[in-house]
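Inspection log for the structure reproduced underneath, given as C-alpha cells.
The values are calculated or read from the model by the stated rules, or taken from the named source; none is laboratory data. This structure is a prediction, so every number in the text was calculated from the model and none was measured. Every residue, glycine among them, receives a Cβ derived from its backbone with ideal geometry; neighbour counts consider all protein chains shown.
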Amino acid sequence: MTEHDRFVLATHNATKVAEYRYIAGLVLPGWTPVAYDGPEPVEDGLGFRDNALIKARVAAAHSGLPALADDSGLCVDVLGGAPGVFSAYWAGHRKDPVANRNLLLDQLSDVADPYRTARFTSALALVTPDGAEHVAEDHWSGRLSRGPAGDDGYPYDSIFVPDGQRPGHETTVAEWGAEERYRNSHRARAFTALVPALEALTDLRTNW
C-alpha cells in the first residue's frame, strides 16, 4: 500500500470497515480504507449529509489522510421519511437496534402492505487534508415486511425487502449473503458516485 491508495474510514465499526473494503475492491481496485483511531464527534447535523461531513472533517484533521464518512438510515414513506437521521435512536438514547426495529414494526402494524414503502439512504462524505469536500447521497428502495427474517447483525435489514426481486421469492436483506448485500446496498451506490473524486486524489496529494 502506498500513500496514493490510502484513505481513512471514519468509523470504529469493524463490520462497516469490512463492507467498505469490499466495495472499494469492486469499484476502485488498489484503494483500501484504513482503520480510524480518532475521536467520535457529536453528530448534531440536521440531515445525513451534515452528519457525514462532521465525521469526515474530524477524521481528516486527526489522520492527515483523506477521510471518508457515511451517515445512513432507514426512511419510511408513510412516516414522512422517519426514522431517517434518528434511525439509530428511534427507541431512545440507549441505541438499541432491536428495540428500534420492534418499535418501528409496532408503529406500522396497521399500515397495509402497499403503503409500507421505504428506502435505505446513505450520504458519503469525502474530506481531504487541504479542506476539499465532496458528498454523494444515494438510496436503496424497497418495502418493510410485517416481521423480521434473517440476522446479519443489522436488525433493520431483517425487515427490509428490496425492490426488483422475483415475485413470490422476495427476501429481506438480512437473508442475503454478505457479498450480495455489499454489491447492492445504498452505501455501494453512494461510494460509486464518489469514485471520480477519489481517483482525483492521486494528483492532489502533492499539494498537502
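Things to note:
- Filter pass, Glu170 being assigned to a loop (DSSP other than H, G, I, E, B), touching a strand residue (DSSP E or B) at 6+ places or on another chain (Cβ under 6 Å) and of a type in the set (Asp, Glu): yes
- Of everything in the stretch 110-120 that is surrounded by fewer than 19 Cβ atoms within 10 Å (Cβ to Cβ) and in contact (Cβ under 8 Å) with a residue 24 or more places away in the chain, the residue that is farthest from Phe191 (Cα to Cα) is Val111.
- Yes/no for Ala123 being buried (at least 16 other Cβ atoms within 10 Å of the Cβ), at pLDDT 95 or above, hydrophobic (A, V, I, L, M, F, W, C) and not in a loop (DSSP other than H, G, I, E, B): yes
- Taken over the stretch 152-167, the residue count meeting the criterion of being out of contact with any Leu (no Cβ under 8 Å at 6 or more places or on another chain), without any contact (Cβ under 8 Å) to a residue 40 or more places away in the chain, surrounded by 11 or more Cβ atoms within 10 Å (Cβ to Cβ) and not in a helix (DSSP H, G or I) is 4.
- Candidates in the stretch 75-100 are the residues that are closer than 20 Å to Gly153 by Cβ and in contact with a Lys or Arg (Cβ under 8 Å, 6 or more places away or on another chain); of these, the one that is surrounded by the fewest Cβ atoms within 10 Å (Cβ to Cβ) is Tyr89.
- First in the stretch 128-148 and among the basic types (Lys, Arg), second anywhere and surrounded by fewer than 20 Cβ atoms within 10 Å (Cβ to Cβ), Cβ under 7 Å, 6 or more apart: Arg143/Arg116; Arg143/Thr117; Arg143/Val161
- Some residue of the stretch 35-49 being hydroxyl-bearing (Ser, Thr, Tyr) and surrounded by fewer than 13 Cβ atoms within 10 Å (Cβ to Cβ): no
- For the stretch 79-117, taking the residues that are among the aliphatic types (A, V, I, L, M) and outside any helix (DSSP H, G or I), the one that is farthest from Asp44 (Cα to Cα) is identified as Ala112.
- When Val42 is tested against (1) hydrophobic (A, V, I, L, M, F, W, C); (2) out of contact with any helix residue (DSSP H, G or I) (no Cβ under 7 Å at 6 or more places or on another chain); (3) touching a residue at least 24 places away in the same chain (Cβ under 8 Å); (4) not in a helix (DSSP H, G or I), exactly one condition is not met: (3).
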